[in-house]
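> Got a structure for you, written out below as structure tokens; questions coming shortly.
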């Protein structure tokens, strides 16, 4: 145990240990309900449509034994998703999709990647290591990128079983009618920040990330009503129920 702590806080591994500490702090905050699991999440959308409709009509008449009449009509409908695989940007998005970005919550993926990078780095960079026996910082830097590539692939393998689970959860959430439901705040909402709301839907307790509709603070334990979902899809707008 002492050797692990020594290796973790050595110069070669200190930054990764710091990142692992931040990730651990994040999940601890999620467990106690201070923040929502999707508070740092984002959507990966690889589909894009472009519709271009151009009508051009040109008439030119010149009285010099010359008569020119040109009529052009162009109608173009392009689906970027169908041709984008040939472009660098779409290839990059394809790689992200392959690694389960956009299919599994971002923080789940990031946590898996950081844990994997940290574990491999600890294994490779310590005084008794066969790969970097002197725990050289320069050697650790050279090993970082191969470590990252391996960790990305390991993260895909580890999170693969979660893909259908989160896909089902997303489908179930879309099928639920949330607007108009009344619930109790699990955490306070401070001005325009996000809090956590607990509501009962058909006997099932659902936790949602919510924001105040007027930007004012709402205390933990207050009753609120869900108004609508934000366009970003990350949270719902709620209004405090005033008791008279």
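The values are calculated or read from the model by the stated rules, or taken from the named source; none is laboratory data. Remember, it's a predicted structure, so these values are computed and weren't measured experimentally. With ideal geometry, Cβ positions are generated from the backbone for all residues, glycine too; neighbour counts draw on all protein chains shown.
> For the stretch 141-154, indicate whether the set of residues that are in contact with a strand residue (DSSP E or B) (Cβ under 8 Å, 6 or more places away or on another chain) and touching a residue at least 12 places away in the same chain (Cβ under 8 Å) is non-empty.
Scanning the stretch 141-154, I find at least one residue that is in contact with a strand residue (DSSP E or B) (Cβ under 8 Å, 6 or more places away or on another chain) and touching a residue at least 12 places away in the same chain (Cβ under 8 Å), so the answer is yes.
> Follow-up. I need a count of the residues in the stretch 218-238 that are within 17 Å of residue 190 (Cα to Cα) and loosely packed, with under 14 Cβ neighbours inside 10 Å.
Within the stretch 218-238, residues that are within 17 Å of residue 190 (Cα to Cα) and loosely packed, with under 14 Cβ neighbours inside 10 Å number 3.
> Another question, then. If you check residue 115 against the conditions, is it surrounded by fewer than 20 Cβ atoms within 10 Å (Cβ to Cβ), without any contact (Cβ under 8 Å) to a residue 60 or more places away in the chain and within 23 Å of the chain's Cα centre (by Cα)? Spell out the reasoning first.
Numbers: surrounded by fewer than 20 Cβ atoms within 10 Å (Cβ to Cβ): yes; without any contact (Cβ under 8 Å) to a residue 60 or more places away in the chain: no; within 23 Å of the chain's Cα centre (by Cα): yes.
The answer is no for residue 115.
> Is there a residue in the stretch 44-51 that is modelled with pLDDT under 50, over 30 Å from residue 140 (Cα atoms) and surrounded by 14 or more Cβ atoms within 10 Å (Cβ to Cβ)?
Yes - at least one qualifying residue is present in the stretch 44-51.
> Follow-up question, since we're still on this one. Looking at this structure, is residue 106 exposed (fewer than 13 other Cβ atoms within 10 Å of the Cβ), under 24 Å from the mean Cα position of the chain (by Cα), under 15 Å from residue 156 (Cβ atoms) and modelled with pLDDT of 50 or more?
For residue 106, the condition - exposed (fewer than 13 other Cβ atoms within 10 Å of the Cβ), under 24 Å from the mean Cα position of the chain (by Cα), under 15 Å from residue 156 (Cβ atoms) and modelled with pLDDT of 50 or more - is not met.
> State which residue is nearest to residue 230 (Cα to Cα) when the search covers only the stretch 156-183 and only residues that are at pLDDT below 80 and within 16 Å of the chain's Cα centre (by Cα).
Once the filter is applied, the top-ranked residue is 170.
> Could you go through the stretch 201-212 and let me know if any residue there is exposed (fewer than 14 other Cβ atoms within 10 Å of the Cβ) and modelled with pLDDT of 80 or more. Before you say what the answer is, go through the steps one by one.
Applying the first criterion (exposed (fewer than 14 other Cβ atoms within 10 Å of the Cβ)) to the stretch 201-212 yields 201-205.
This time we only want the ones that are modelled with pLDDT of 80 or more, so: none.
No, every residue in the stretch 201-212 fails to be exposed (fewer than 14 other Cβ atoms within 10 Å of the Cβ) and modelled with pLDDT of 80 or more.
> Do we find a residue being under 17 Å from residue 8 (Cα atoms) and within 28 Å of the chain's Cα centre (by Cα) anywhere in the stretch 126-140?
Taking every residue of the stretch 126-140 in turn, none turns out to be under 17 Å from residue 8 (Cα atoms) and within 28 Å of the chain's Cα centre (by Cα).
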